[in-house]
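The values are calculated or read from the model by the stated rules, or taken from the named source; none is laboratory data. These numbers come from a predicted model, not from an experiment. Here the Cβ is made from the backbone with ideal geometry for all residues, glycine too, and neighbour counts use every protein chain on show. Surface areas here come from the heavy atoms of the whole protein model, side chains and all, with no ligands, DNA or RNA. Shrake-Rupley method; radii C 1.70, N 1.55, O 1.52, S 1.80 Å.
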Amino acid sequence: MGPVALPAWLQPRYRKTAYLFIYYLIQFCGHSWILTNMTVRFFSFGKDSMVDTFYAIGLVMRLCQSISLLELLHIYVGIESNHLFPRYTYSMLSVIGTYYSILTWLSQTLWMPIYPLCVLAEAFAIYQSLPYFESFGTYSTKLPFDFSIYFPYVLRLYLMMLFIGMYFTYSHLYSERRDVLRVFSIKKKKI
């Protein structure tokens, strides 16, 4: 009996495509499950859902966030080209060469209002937590050589860096959007 032929999706030239497709599919399904679960719990229980929502979704959230560390490895190894902020549905379909103009436009446009709102929400959460860290001294450390780390100062420094980083990230994503939509419109005109 001769060598068994591998299915097309397992052949070496398709392994990277199959891997990235499965990776994006898992991330998309996981994040969709988290969003759906949180939404249903909020509409079912109202403010009471805040108490134990993390216990209901925490495992899947930790899994998705842990797996997302692979994105850095993908960039480092060269599997992907510098997509540090992937849009999972769009990325999953683009890996297999499927492009929808509306999905491309949504992927490249929806982040514009959503990203600043996420940064503001994170900044608000940090700002609201400052009194707790100031009053209890949590994570503040006294070092042996007359130097101490006061955690509220670290959080304030992080807040400044958050907004500076937002500017650079927004600029990068905007230029990426301009390039992708320009290339997409050129491809569309050729067809």
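Radius of gyration (Cα atoms) of region 12-189, expressed as a multiple of 2.2 N^0.38 Å: 1.28.
With all protein chains kept in place, the per residue accessible area of the chain amounts to 73 square angstrom at a probe of 1.4 angstrom. Think of region 12-189 as a dipole: +1 on every Lys or Arg Cβ, -1 on every Asp or Glu Cβ, centred on the Cα centre; then among Ile149, Met92, Ala121, Met92 lies furthest on the positive end. Leaving ligands, DNA and RNA out of it, report the carbon-plus-sulfur percent of the accessible area of the chain at a 1.4 Å probe. Whole-percent figure for carbon plus sulfur exposure: 71. A Cβ-based charge dipole, computed about the Cα centre of region 89-191 with Lys and Arg at +1 and Asp and Glu at -1, lands at about 780 debye.
Across region 63-129, how large is the tail of the calculated P(r) beyond 18 Å, expressed as a percent of all Cα pairs?
The answer is 54 percent, as a whole percent.
Between 0 and 90 degrees, the angle of helix 111-136 with respect to the longest Cα principal axis of the chain falls at about 30 degrees. Axis angle, to the nearest 10 degrees, between helix 49-67 and the longest C-alpha principal axis of the chain: 50 degrees. About its Cα centre, the dipole of the chain is roughly 960 debye, where the only charges are +1 on Lys and Arg Cβ and -1 on Asp and Glu Cβ.
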